[in-house]
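Structure first, commentary second.
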Amino acid sequence: MSNERIFISYRRDDAGWAAHHLYQRLSDEFGKQRVFMDIDSIPFAANFREAISEQIRGSAVCLAMIGPRWLESVTQRMDDPRDFVRIELESAHELDIPVIPLLVDGAAPPANKALPPSLRQLNLHDINTLPMRSGIDLNSDIDRIIRGLHHFFDDQKKYASGKSARAVRGGRRSGNRALFAAMLVVAVTILGVAISIVNKDWKAVEQPSRWIQDGLALEGVSIVDEANYGPKMLIIPAGKFLMGAPPRQLGISPAARGDSAELRNWTD
């Protein structure tokens with residue numbers, strides 16, 4: 001993923017100590033620029049919900065730290081428009097950011113019916129939770145959280161790579177389909193032109209040609225004159241054409257051809 005920032009959601013009076021330990025370990029592992037915990041940096045007079053949503057939007061995952069008093073605090077503040085914990089989780093859900101519950105000091109996953117209506121769709125009770133215990137188990141629990149985050153980011157990268165590969169293959173298939181479509185259009189166009197030529201109503205104009213006057217052809221010869229395009233064509237019935245020079249040059253008399261007008265020219 002291009003963005004692998006981790007957002008930590010917690011209440012100071014419920015899991016403040018655990019959040020600070022977790023922030024320090026995650027910062028050492030992933031870098032401070034990739035871990036966001038406090039909202040103290042939100043400017044004065046800024047829109048609270050929009051500012052939190054912007055921070056959530058730039059994150060890949062939201063770690064919801066749930067301590068023994070978390071549910072009580074959320075329930076008491078469910079009507080508070082500035083309850084940042086509820087706004088953080090609502091924003092994560094709206095933006096499809098995965099929420100991973102971390103159960104601090106033996107806290108139990110909250111049942112959906114006990115949550116404010118806006119948080120019930122998170123199904124925190126059904127999500128695979130991770131414990132975060134105090135004492136000698138703290139570091140081992142954080143190690144487990146870190147391993148889980150590495151697996152999460154690896155899975156996200158594989159998904160993104162597979163999606164990109166599918167997009168490339170899809171683009172190639174689209175390009176091939178476009179090329180095939182273009183070739184098909186050209187082929188259909190050529191076929192249409194050929195059919196139009198074959199089926200065209202040719203207009204045969206009966207008129208004597210220069211060759212007819214020179215004696216190269218006899219009656220029944222016509223010139224095909226297609227109005228739109230193409231060369232003129234000469235249609236000569238079978239047996240009506242003599243190859244070679246005109247009869248005058250060959251010494252064939254007009255009388256032999258039965259041409260009285262030409263006979264006069266021949267004898268003049």
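Quick check: residue separation of residue 120 and residue 183 times 0.36 nm, minus the Cα distance between them. What number comes out in nm? Walk me through the intermediate numbers first.
Values: separation 63, 0.36 × 63 = 22.68 nm, distance 5.57 nm.
Separation in residues times 0.36 nm, less the Cα-Cα distance, equals 17.1 nm.
How long is the gain from residue 94 to residue 79 if the chain were fully straight, where each residue apart is worth 0.36 nm and the alpha carbon distance is subtracted?
Residue separation times 0.36 nm, minus the Cα-Cα distance, leaves 3.5 nm.
Computed from the mean reciprocal separation of all distinct C-alpha pairs, what Kirkwood hydrodynamic radius does the range 1-103 have, in Å? Each step should come with its number before you reach the end.
Details: mean 1/r = 0.0718 Å⁻¹.
By the Kirkwood definition, the hydrodynamic radius is 13.9 Å.
Counting other C-beta atoms within 10 Å, and keeping those with at most 15, which DSSP coil chymotrypsin sites (Phe, Trp or Tyr not before Pro) do you find in the range 23-111? Before the final figure, lay out each step's value.
Numbers: sites: 23, 30, 36, 44, 48, 70, 84; in loops: 44.
Of the chymotrypsin sites (Phe, Trp or Tyr not before Pro), the ones in loops of the range 23-111 whose Cβ has at most 15 other Cβ atoms within 10 Å are 44.
Starting from a Cα-only point model with no solvent, please compute log10 I(q)/I(0) by Debye for the range 114-154 at q = 0.26 1/Å.
Per q value, in the given order, log10 I(q)/I(0) is -0.85.
Since every read-out is calculated from the coordinates, none of them should be taken as a lab result. Given the structure is predicted, the values throughout are model-derived calculations rather than measurements. Counting neighbours? That spans all protein chains shown, and the Cβs are built from the backbone with ideal geometry, glycine included.
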